[in-house]
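What follows is a short report on a single structure.
The values are calculated or read from the model by the stated rules, or taken from the named source; none is laboratory data. Bear in mind that the values here come from a model prediction, so they are computed numbers and not experimental data. Ideal geometry is used to build each Cβ from the backbone, glycine not excepted, and the neighbour counts take in all protein chains shown. Heavy atoms of the whole protein, side chains included, go into the accessibility calculation; ligands, DNA and RNA do not. Shrake-Rupley method; radii C 1.70, N 1.55, O 1.52, S 1.80 Å.
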Amino acid sequence: MRYETGTTTSQTTASEALGAGTGVCQDHAHIFLGCARIMKVPARYVSGYLMMNDRVDQEAGHAWAEAFVAGLGWVGFDISNQISPDARYVRVATGRDYREAAPITGISSGGHTDSMTVELAVAQQTVDQ
C-alpha cells in the first residue's frame, strides 16, 4: 500500500484505505494491526512523534504499531518508514486503534465557527552539565 498524504483522514477505516491502495502512517498501522489480530498476535496502535533527520518543523504526528513477540516483548513496526522504531520516536499514547491512542481528544461546545491549527516541531534537546 503506497504512502500518500491527503488521501485519507482520521475517520478512514483500514479496509477503506486498503481498498484505495494509498494512505498514511495511521492507515499502515491499522492494517498491520488487523493482520496481526487475524494471526492471533497481540498488537497495539502507537501515536507519537518522529524526529526527522532533515527537518524540525513537521506537518503531523506519527503512528506505528507494536506486536508482542514471545521472548522479546513488545516490538515496534513503523510500516510507513519500513524500520523498527528507535530513539528518534516519541511515544505519546497506545491503544487498540487511533481512537484509543489519539494524541489529543476533547469535547467542543457552543458554535461551530471555531477552528484549530497545529504547529509541530520535533528536535533533540541538549542537556547542559
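Simple spin-label estimate for residue 97 and residue 75 gives 2.6 nm between the two label positions (7 Å along the Cα-to-Cβ direction from each Cα). Computed over protein heavy atoms with a 1.4 angstrom probe, the accessible surface ordering of 9, 105, largest first, is 105, 9. In the assembled protein chains, residue 1 presents an accessible area of approximately 90 Å² (probe radius 1.4 Å).
Measuring with a 1.4 angstrom probe and ignoring ligands and nucleic acids, residue 75 comes out at about 40 Å² accessible. Listed values for segment 29-44 are Karplus-derived 3J(HN,Hα) couplings in whole Hz (6.51 cos²θ - 1.76 cosθ + 1.60, θ = phi - 60°), namely 5, 5, 5, 4, 4, x, 5, 4, 5, 4, 8, 6, 9, x, 8, 9, and x replaces Gly and Pro. Per-residue SASA remark: residue 104, around 120 Å² accessible (1.4 Å probe; ligands, DNA and RNA not included).
Quick one: with all protein chains in place, what share of the accessible area of segment 1-113 is carbon or sulfur, to the nearest percent (1.4 Å probe)? Kindly include the intermediate steps, with their values, before the conclusion.
Values: 3940 of 7160 Å².
It is 55 percent, rounded to a whole number.
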